[in-house]
Amino acid sequence: MPEFIDARGLGCAQPVLLARAALETHDEVVVDVDARVPVENITALARHAGYTMEVTERPGNVYSIKLMKVRGES
């Protein structure tokens with residue numbers, strides 16, 4: 001089961017910092033945000049760190065970002 005982070009309403013860097021910290025101890029993390037900027041920032045984190053990622057947009061401008069470590073990565 002993935003680690004869930006509700007980062008809606010948080011300031012600029014906080015969703016990324018929370019996602020990065022959660023990925024240190026979990027292979028799968030889902031982050032909910034309510035703006036496009038955190039989606040872009042978390043996407044950049046995923047690309048840089050080599051994680052796979054899925055983004056789902058839900059009603060009310062809520063974006064769920066699922067980050068997964070690639071097998072064999074630590």
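For this structure, a couple of remarks:
- Some residue of region 17-37 being surrounded by 11 or more Cβ atoms within 10 Å (Cβ to Cβ) and hydroxyl-bearing (Ser, Thr, Tyr): no
- Top-ranked residue of region 50-59 - restricted to ones that are free of Cβ contacts under 8 Å to residues at least 12 places away in the same chain and over 14 Å from Pro2 (Cβ atoms), ranked as surrounded by the fewest Cβ atoms within 10 Å (Cβ to Cβ): Pro59
- Picking from residues in region 38-49 that are surrounded by 14 or more Cβ atoms within 10 Å (Cβ to Cβ) and not hydrophobic (A, V, I, L, M, F, W, C), the one that is nearest to Lys69 (Cα to Cα) is Thr43.
Listed here are the residues, each with its yes/no results for (1) touching a Gly at 6+ places or on another chain (Cβ under 6 Å); (2) in contact (Cβ under 8 Å) with a residue 24 or more places away in the chain; (3) assigned to a strand (DSSP E or B).
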| site | (1), (2), (3) |
| --- | --- |
| Leu17 | no, no, no |
| Val29 | no, yes, yes |
| Val39 | no, yes, no |
| Thr43 | no, no, no |
| His48 | no, no, no |
| Ser64 | no, yes, yes |
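- If you go through region 62-74 and keep only what is touching a strand residue (DSSP E or B) at 6+ places or on another chain (Cβ under 9 Å) and modelled with pLDDT under 95, you end up with Lys69, Val70.
- Pick from region 11-22, criterion in contact with a strand residue (DSSP E or B) (Cβ under 8 Å, 6 or more places away or on another chain) and either modelled with pLDDT under 95 or among the small types (Gly, Ala, Ser) (or both), ranking: nearest to Leu67 (Cα to Cα): Ala19
The values are calculated or read from the model by the stated rules, or taken from the named source; none is laboratory data. All of these numbers come straight from a predicted model, not from anything done at the bench. So basically every Cβ, Gly included, is an ideal-geometry build from the backbone, and we count neighbours across all protein chains shown.
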